[in-house]
Amino acid sequence: MQALVYDPDQPAGLRLAEAAEPVLAPDQALVEVRAISLNFGELAYRTGRAQPGQVHGWDAAGVVVAATEDGSGPATGTPVVTFGWTVPGRAAAPCPRRRWRRGAGLGRLGATEIVIGLADVTGSVYGVLDNVGGQQLADAFSLLERGGVALSIGKASGQPTTIDLERERHRSSGQRIEPFAMGSGLAEDLGYLVRLLDQGQLDPQIGWRGSWERAPEAAEALLSRRVAGKAVLDLPA
Ligand SMILES: NC(=O)c1ccc[n+]([C@@H]2O[C@H](COP(=O)([O-])OP(=O)(O)OC[C@H]3O[C@@H](n4cnc5c(N)ncnc54)[C@H](OP(=O)(O)O)[C@@H]3O)[C@@H](O)[C@H]2O)c1
């Protein structure tokens with residue numbers, strides 16, 4: 001089969017190539033993929049983790065062409081969206097200090113206050129969801145009020161985080177920090193999102209769309225922070 005594979009010698013580390021046909025476990029279905037999305041995380045951390053030739057990608061949309069042997073999951077012919085792991089690489093792009101453009105439209109979606117950068121946060125906060133890491137996570141953690149929690153979701157900055165736990169002990173107000181990792185068995189959650197899309201209640205914010213032959217171009221745009229939203233690659237019918 002044709003696949004988008006990791007190749008560290010190619011632009012953005014991606015090329016189209018022949019790959020082995022998948023061998024299915026009894027609880028796995030075969031999906032004919034029609035479109036995939038590129039994610040920052042899967043592109044940014046491949047070095048040392050992904051093997052050259054490894055099939056790239058997490059998100060896919062397509063049609064089940066062989067249902068699971070054990071009867072779990074959707075029937076053959078069902079249109080599906082899927083999520084699965086591969087291994088990510090490359091350093092993240094340098095960070096411009098202010099990104100006001102990214103906040104445009106959040107007010108219309110219901111945000112009551114929009115700040116670009118923690119320097120503009122006035123007062124403490126109860127929760128933090130952080131996908132940037134580095135100093136930003138440490139600074140956000142220090143803004144937590146009593147009993148508040150910070151979830152570390154990702155490290156788009158590529159920088160490690162140092163938190164002064166001694167200082168936090170003296171603050172002594174029960175703030176917590178937890179690493180968040182995507183679990184498995186996401187069918188129910190994905191189904192919920194697809195229903196919202198179908199009802200017009202969710203805008204997937206597609207910022208780039210094109211043929212999967214243009215995957216390196218999409219990856220470069222994503223890693224250099226020029227895509228607002230998802231990058232979607234279409235496969236030939
Ligand atoms: N734990 C999990 O289950 C999970 C799930 C998904 C993703 N992640 C992780 O989350 C991180 C972001 O992935 P994503 O899919 O959310 O990416 P994304 O949608 O492309 O968002 C990346 C965010 O990070 C910011 N950013 C990028 N480079 C930066 C830098 N050098 N300094 C500061 N901010 C920077 C971007 O800001 P701009 O908008 O201004 O460019 C953007 O807001 C990755 O580390 C990924 O591995 C974790």
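Over the chain, with a Gaussian network built from C-alpha contacts below 10 Å, which listed residue (Pro79, Pro22, Pro160) shows the highest mean-square fluctuation?
Per the Cα network of the chain with a 10 Å cutoff, Pro22 tops the list.
In the chain, how does Rg compare with the Kirkwood Rh, expressed as the Rg/Rh ratio over alpha carbon atoms?
Here Rg/Rh amounts to 1.00.
Compute the semi-axes of the equivalent ellipsoid of segment 127-179, taking the square root of 5 times each eigenvalue of the Cα gyration tensor, and list them largest first in whole Å.
Semi-axes from the Cα gyration tensor: 19, 12, 7 Å.
Just how large is the dipole of the chain about the Cα centre, in debye to the nearest 20, putting +1 at every Lys and Arg Cβ and -1 at every Asp and Glu Cβ?
Using Cβ point charges on Lys, Arg, Asp and Glu, the chain gives about 1100 debye.
Which one, Gln175, Ala218, Ala66, is farthest towards the positive end of the dipole of the chain when Lys and Arg carry +1 and Asp and Glu -1 on their Cβ?
Gln175
At each listed q (0.19 Å⁻¹), what is the log10 of I(q)/I(0) that the Debye formula gives for segment 107-231 modelled as equal alpha-carbon point scatterers?
Log10 I(q)/I(0), no solvent term: -1.26.
Taking θ = phi - 60°, what integer Hz values does the Karplus form 6.51 cos²θ - 1.76 cosθ + 1.60 yield along segment 110-118, in sequence order, with x for Gly and Pro?
Computed from phi, the couplings for segment 110-118 are x, 5, 8, 9, 10, 10, 10, x, 6 Hz.
Taking the Cα atoms only, what angle lies between the long axis of helix 187-198 and the longest principal axis of the chain, rounded to 10 degrees?
90 degrees
With θ taken as phi - 60° and the coefficients 6.51, -1.76 and 1.60, list the Karplus ³J(HN,Hα) couplings across segment 127-142 in order, rounded to whole Hz; mark glycine and proline as x.
Here the 3J(HN,Hα) series is x, 9, 10, 10, 10, 10, x, x, 4, 4, 5, 4, 5, 5, 4, 6 Hz.
Which peptide among 150-157, 69-76 comes first, and what is the full order, when sorted by highest mean count of other Cβ atoms within 10 Å?
Listed from highest to lowest mean packing, they are 150-157, 69-76.
I'd like to know which of Gly110, Thr122, Ala12 lies farthest towards the positive end of the charge dipole of the chain, counting +1 on Cβ of Lys and Arg and -1 on Cβ of Asp and Glu.
It is Thr122.
Is there a quick way to get the dipole size of segment 127-179? I mean about its Cα centre, with the Cβ of Lys and Arg at +1 and of Asp and Glu at -1; what is the value in debye to the nearest 20?
In total the dipole reaches around 80 debye.
For the chain, what is the calculated [θ] at 222 nm in deg cm²/dmol (nearest 500), taking -39500 (n - 2.57) for each run of four or more DSSP H residues and dividing by its residue count?
It lands at -5000 deg cm²/dmol.
Tell me which residues come under 5 Å, amide H to amide H, from Arg15 once H is placed; ignore anything under 5 positions away on its chain.
For Arg15, whose amide H was placed from the backbone, the distant partners under 5 Å are Val5, Asp7.
Please list, ordered by chain and number, the residues whose modelled amide H lies under 5 Å from the amide H of Arg225; skip anything fewer than 5 residues away on the same chain.
Result for Arg225 returns nothing.
Values in this text are rule-based calculations from the coordinates and carry no lab data. Every value quoted in this text rests on a predicted model; they were computed, and no experiment measured them. Neighbour counts run over all protein chains shown; Cβ positions are idealised from the backbone, glycine included.
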